[in-house]
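*Asks:* My questions will all concern the structure given below.
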Amino acid sequence: MQSSNGRHRDVGGGSESSAGRHEDQGEYGTASREVRHEDPWYDALASGWGELDGAGGPVPAVPGSRTGQEEAAVRARDVYLEVQRSAAFQEVRSRYRRFVVPGVAVFLTWYVGYVVTATTAPGLMARPVAGAVNVAMVAGLGQFLTTFLLTWAYARHARLRRDRAALELRWDTQELTRGARGGAS
């Protein structure tokens, strides 16, 4: 068996003991001059943590200076804030809210109404509709049906009213961000 750092491990019952190995073999059966510790978690200190400088004291942490890449990120952040304030973005968000808020309100009212009716009016829910099918079963299946209908209506609304505008907004944002970073993508 092999451990995560590439060294072999003895897993019980081996006939060879550690005393019977050759001098040039290490503890795990490989030649000691070939053992490399490439496992990043193997007794290695994180860079700058707990290391000592030449005088025996801890290495002082040096704060990084602002680089051109960080300045480009700041400019890119400004682009996103500008886009968020734009009329096109506000239109996409308002179209989203105009559909989702009433849809969620209607669906939650229907769901809570079903639960409240089932607990407060069991006689009404037990009325037979057709054979062994009662009002509660029809209303419960109606919950599933309205879930699928709401999902379909949301996807249709997104496709017809928001997707194209959101895609154009995304394209414009990427172009503005690319320009803010100096042409690098």
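What follows draws every value from the coordinates through simple rules; no lab data is involved. Since we're looking at a predicted model, the values are computed, not measured. Methodologically, a virtual Cβ is constructed for each residue, glycine included, from the backbone with ideal geometry; neighbour enumeration extends over all protein chains shown.
*Asks:* Taking amide hydrogens as modeled 1.01 Å from N in the peptide plane, which residues meet the under 5 Å criterion relative to ASN134, leaving out close sequence neighbours?
*Replies:* VAL129
*Asks:* Between GLU82 and LEU167, what is the label-to-label distance in nm when each label sits 7 Å out along the Cα-to-Cβ direction?
*Replies:* 2.5
*Asks:* Same structure again: Counting pairs of alpha carbon atoms under 8 Å apart in space and at least six apart in sequence, what relative contact order in percent does region 76-185 give?
*Replies:* Normalised by residue count, the contact order of region 76-185 is 44 percent.
*Asks:* THR151 versus ARG95, label points 7 Å from Cα toward the beta carbon: distance in nm?
*Replies:* Going by the 7 Å Cα→Cβ label model, 2.3 nm.
*Asks:* Taking 0.36 nm per residue of sequence separation and subtracting the Cα-Cα distance, how much length would be gained by fully extending the chain between VAL129 and THR117, in nm to one decimal? Show your work: numbers first, answer last.
*Replies:* Working: separation 12, 0.36 × 12 = 4.32 nm, distance 1.64 nm.
Going from the current span to full extension adds 2.7 nm.
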